[in-house]
Amino acid sequence: MTDLLVLGGSGRLGMHVLARAAARGHRVRTLVRNPEAVQAPAGVELVQGTPADIDDLRKAAQGSEAIISALNNSRASENPWAKPLSPPMFMTDATRDTLTVMGEQNIRRIVVTSTQGAGDDWARINPVLRALIQRSTLKAAYDDHHGVDQIICASDNDWTLARPVTLSNKPAGAPLRAAEAGTDKPGTRISRADFLQDTVEQGTWIHKAPLVWNTRG
């Protein structure tokens, strides 16, 4: 059993992470702005606050052995091209503060949700798509992911950057595949319920940023 702090636990991905961690018997805590508005799985502790406030992060992280960050930038709708609502560089700032708190509280392990094309994977994205991203509302999200990538990779913590391909709401079940960028051809989808937890439990992919996908579907 591991004491886990999940950041972004009220989000579309984060809710699946909470459920998966609780079902596996971990003690799970998540930081949410309005606990009354969140229907968390049984046994998950809701701590009121925001990852944008380092004191809230300090409070939520107490006693944690590992952190899973499922933070993402809010948009006006689920459409990936929708108008961004989060403050500029929200994830980057929250990640920087999270690493500070980890140092203060001697927490070593962190697994962070990134995205395909972030950091050094940017050069592998199709040039036409890169140009489209740079001229769209997605630019702000990618700038933020690049910032998170830079901060995490410079850390001496036991970090993993999980770079999923396009996230799907399909049920879990198809086998999970992970590989360092450029070493294998990834699939096109990954279920929201299929990743992050294994890397914490198994201690895999430390100081690496694998692409992650389902082998079917």
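The values are calculated or read from the model by the stated rules, or taken from the named source; none is laboratory data. Computed from a predicted structure; not experimentally measured. Cβ coordinates were reconstructed from backbone atoms using ideal geometry, including for glycine residues, and neighbour counts include every protein chain displayed. Note: areas computed on protein heavy atoms with side chains; ligands, DNA, RNA excluded. Shrake-Rupley method; radii C 1.70, N 1.55, O 1.52, S 1.80 Å.
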Given (1) modelled with pLDDT of 90 or more; (2) open to solvent by 70 Å² or more (accessible area, probe 1.4 Å); (3) within 24 Å of Asn157 (Cβ to Cβ); (4) in contact with a strand residue (DSSP E or B) (Cβ under 8 Å, 6 or more places away or on another chain), Met1 misses just (1)
Restricting attention to segment 59-106, which residues are polar (S, T, N, Q), at pLDDT below 95 and under 26 Å from Asp198 (Cβ atoms)?
Asn72, Asn73
Applying the selection to segment 59-75, what residues are out of contact with any Asp or Glu (no Cβ under 6 Å at 6 or more places or on another chain) and open to solvent by 70 Å² or more (accessible area, probe 1.4 Å)?
Lys59, Gln62, Asn72
Flag if Val101 is in contact with a strand residue (DSSP E or B) (Cβ under 8 Å, 6 or more places away or on another chain), buried (at least 16 other Cβ atoms within 10 Å of the Cβ) and β-branched (Val, Ile, Thr)
no
So which strands (runs of 3 or more DSSP E) stay within segment 152-217 end to end and still have 1 or more residues that are surrounded by 20 or more Cβ atoms within 10 Å (Cβ to Cβ) and at pLDDT 85 or above?
158-164, 210-214
If Thr95 meets every condition in (1) open to solvent by 50 Å² or more (accessible area, probe 1.4 Å); (2) within 22 Å of Pro210 (Cα to Cα) apart from one, which number is that one?
(1)
Tell me which of these Ile54 doesn't satisfy, since it passes every other one: (1) hydrophobic (A, V, I, L, M, F, W, C); (2) under 27 Å from Ala140 (Cα atoms); (3) crowded, with 21+ Cβ neighbours inside 10 Å; (4) modelled with pLDDT of 95 or more.
(3)
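Mind checking which residues of segment 115-138 are touching a residue at least 24 places away in the same chain (Cβ under 8 Å), open to solvent by 10 Å² or more (accessible area, probe 1.4 Å) and either aromatic (Phe, Trp, Tyr) or within 21 Å of Met89 (Cβ to Cβ) (or both)? Steps first, answer last, please.
First, pick out the residues of segment 115-138 that are touching a residue at least 24 places away in the same chain (Cβ under 8 Å): 115-122, 124, 136-138.
Filter once more, keeping what is open to solvent by 10 Å² or more (accessible area, probe 1.4 Å): 115-116, 119-120, 122, 124, 136-138.
Those that are touching a residue at least 24 places away in the same chain (Cβ under 8 Å), open to solvent by 10 Å² or more (accessible area, probe 1.4 Å) and either aromatic (Phe, Trp, Tyr) or within 21 Å of Met89 (Cβ to Cβ) (or both): Thr115, Gln116, Gly119, Asp120, Trp122, Ser136, Thr137, Leu138.
Conditions tested, residue by residue: (1) farther than 15 Å from Ala70 by Cβ; (2) over 17 Å from the mean Cα position of the chain (by Cα); (3) in contact (Cβ under 8 Å) with a residue 60 or more places away in the chain; (4) surrounded by fewer than 20 Cβ atoms within 10 Å (Cβ to Cβ).
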| residue | (1), (2), (3), (4) |
| --- | --- |
| Val6 | no, no, yes, no |
| Val28 | no, no, no, no |
| Pro35 | yes, yes, no, yes |
| Val38 | no, yes, no, yes |
| Val44 | no, yes, no, no |
